[in-house]
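Let me begin by presenting the structure, written as structure tokens, before commenting on it.
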Amino acid sequence: MTWSFWMAWLVVSAGHAKLLAISENYLHSLRLPRPTLRRIRAVYDVLFFGVPVWFLCSHRPLLGDISDSSWWQHLSAGWRGWIAWGGAGAFALAFSALRHLTRRPPACLADKASRVIDVAARTGQSLIGPGRASVLARLPRNQQFTLEINVKTFHLSRLPASWDGLTIVHFSDLHFRGTVARRYFEEVVHEAQALQGDLLAFTGDLLDSTACLDWIPATLGRLSAPLGCYFVLGNHDWYLPVLADIRSTLRDHGWVDLAGEVVEIRGAELPSSRFEDGNGRLARSARPPLVLAGNELPWMGTAPDLSRAAPQAFRILLSHSPDQIDWARRHGVDLMLAGHTHGGQIQLPVLGPVYSPSRYSCRYAAGEFWRPPTLLHVSRGISGREPIRYRCRPELTKLVLRGRAGDSRP
């Protein structure tokens, strides 16, 4: 077989894989039950490897008998269609890689400081529990047990001066299952509390196993913040028959359920000296409310009714999926916090993430995105159903919001 054939096969196979990944990502953004998604994934696994191998096997008799200029003529109409399909996918792959390589943080990101904690080394014990997925957790150089802690400062022009300096600790996707031991999550919670956020936000996918429901008191149950702890749940919570128990247990431990709700915060719990205006005057008495809302679509509930919020109020949305970004923009959300996509869990050199369960595929896999008038922050999450991470560490983030007059606009 000639070099041009092999080159075409490699490019088309890569494009074939890319288009399958895009379509699978989209299907995983829909309200489909887990058994259906498992069957779909099994079909995609067969197509992913099977079609390129089938192509080679079906043309094996021609090996060595095809010249550079004639191998295309030996293909059937069906295989020519596959070549065209894979070629289109190759262009999509190149575009995705270019977008990944050229993406820059939004101008409103003023500062970012990061540090990494090796949780396994700190505890001095194995953090891998039982289960078939434990094989993945033991893979060499797996970053599942190295936690990246970020402090990100944003300038947002609509943030009232009386709220300048507000801090939010955002984390997502714990996926309690048992394969990653509870001790790991206890260490994560310790770090979250040490960040001393004014407000804590969890954006869903808490449980993958009903047996881990009793982990909540020793983990999220230990967290607190002056302005409160707020949560929405995700599709993995929706899969379980104990969804109502998850909500009630979190509420019993002081967490506020924002699913489809709108809550106003005036911040009387915080000292005024932390939120002085530009002239040093105390501003608590005139502090406008913060509005927090929760969106668990498409899996659960309804969208929150933000028409009740005052137009001048700074709006923060907790959403499990970044797919609600267009909804957030239409409703004037200033800051949207999301998870669900895990950053892809594996990010390839040059190409970046490949698997990201979103209708936008990998566009919002992780990080910060300015989509006027909304700043979207997507967490890479703390764990996953499959405990495997490469070039994509688990993430715990403290957001510092600044908005004094004279700050640069996004």
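Quick notes on this one:
- Charges were assigned to the Cβ only: +1 to each Lys and Arg, -1 to each Asp and Glu. The resulting dipole of the chain about its Cα centre is roughly 540 debye.
- Helix runs (DSSP H) in the chain reaching 27 Å along axis by Cα, Kyte-Doolittle at least -1.0: 3-27, 34-58, 77-102
- MRE, 222 nm, helices only [DSSP H, n ≥ 4, -39500 (n - 2.57), over the chain, to nearest 500]: -9000 deg cm²/dmol
- With contacts taken as Cα pairs under 8 Å and at least 6 residues apart, the chain reaches a relative contact order of 22 percent.
- Whole-number Å³ per residue for the convex hull built on Cα positions in the chain: 154 Å³
- Distance from the C-alpha centroid of the range 356-397 to that of the range 92-164: 8 Å, rounded to the whole angstrom.
- Each Lys or Arg adds one and each Asp or Glu takes one away; over the other residues whose Cβ falls under 11 Å from the Cβ of V232, this sums to -4.
- Local electrostatic count, R177, Cβ distance below 13 Å [Lys/Arg +1, Asp/Glu -1]: -2
- Under 28 Å of direct C-alpha separation, and excluding same-chain neighbours fewer than eight residues apart, K398 reaches these lysines: K112, K152.
- Anisotropy class of the range 135-261 from Cα gyration tensor, a/c 1.5 cut: oblate
- Positive-end residue, the range 3-102 charge dipole about Cα centroid, Cβ charges, pick of L47, S13, P35: P35
- Solvent-accessible area per residue, Å², over the chain with all protein chains present [probe radius 1.4 Å]: 43 Å²
- Under 5 Å, built H, 5+ apart or other chain: amide partners of R393: none
- Cα centroid separation, the range 174-188 to the range 291-329 (Å): 29 Å
- Whole-percent carbon and sulfur share, accessible surface of the chain, 1.4 Å: 57 percent
- Computed over the range 3-102, the P(r) curve from all C-alpha pair distances, binned at 10 Å from the origin, holds 14, 40, 29, 14, 3, 0 percent per bin.
- Taken one residue at a time, the phi angles of the range 320-331 give Karplus couplings (6.51, -1.76, 1.60, θ = phi - 60°) of 5, 9, x, 5, 7, 4, 5, 4, 4, 5, 5, 9 Hz. Gly and Pro are set to x.
The values are calculated or read from the model by the stated rules, or taken from the named source; none is laboratory data. Every value quoted in this text rests on a predicted model; they were computed, and no experiment measured them. Cβ sites come from the backbone with ideal geometry, for glycine too, and all protein chains shown count toward neighbours. Surface areas here come from the heavy atoms of the whole protein model, side chains and all, with no ligands, DNA or RNA. Shrake-Rupley method; radii C 1.70, N 1.55, O 1.52, S 1.80 Å.
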